[in-house]
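I have placed the structure first, in the form of structure tokens, so that the comments after it can refer back to it.
The values are calculated or read from the model by the stated rules, or taken from the named source; none is laboratory data. What you see is a predicted model, and the numbers here were worked out from it, not measured in a lab. Here the Cβ positions follow ideal geometry from the backbone for every residue, glycine too, while neighbour counts run over all protein chains shown.
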Ligand code: SF4
């Protein structure tokens, strides 16, 4: 599973970084980014929850 953040859409709310801090972090522009090139199996559930919790659907499948 690979995810990415569409930075033009991200509003920097912090939902994803709060739910799944192992795979989401803020970049220098206060936009979220995915820090796991491949989401590890044991984090897929929380990464999926983060994706589904994004209020502006900025987290999308990569590739
Ligand atoms: S939940 Fe969505 S809008 Fe909020 S920081 Fe993450 S990607 Fe950005």
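A few comments on the model shown:
- Residues of segment 9-28 satisfying the condition of being more than 16 Å from residue 53 (Cβ to Cβ) and more than 11 Å from the ligand (Cβ to nearest atom): 28
- Single condition residue 1 does not satisfy, out of (1) in contact with a helix residue (DSSP H, G or I) (Cβ under 6 Å, 6 or more places away or on another chain); (2) within 11 Å of the ligand (Cβ to nearest atom); (3) in a loop (DSSP other than H, G, I, E, B): (2)
- Leading residue by the ranking (surrounded by the fewest Cβ atoms within 10 Å (Cβ to Cβ)) among those in segment 32-63 that are touching a strand residue (DSSP E or B) at 6+ places or on another chain (Cβ under 7 Å) and free of Cβ contacts under 8 Å to residues at least 40 places away in the same chain: 35
- Residue in segment 22-29 that is part of a helix (DSSP H, G or I) and surrounded by 16 or more Cβ atoms within 10 Å (Cβ to Cβ) present: no
- Some residue of segment 5-16 being in a helix (DSSP H, G or I), exposed (fewer than 14 other Cβ atoms within 10 Å of the Cβ) and at pLDDT 95 or above: no
- Residue in segment 51-63 that is nearest to residue 11 (Cα to Cα), counting only those that are part of a helix (DSSP H, G or I) and more than 8 Å from the chain's Cα centre (by Cα): 53
- Search result, residues across segment 30-50 that are part of a loop (DSSP other than H, G, I, E, B) and near the ligand (Cβ under 8 Å from one of its atoms): 31
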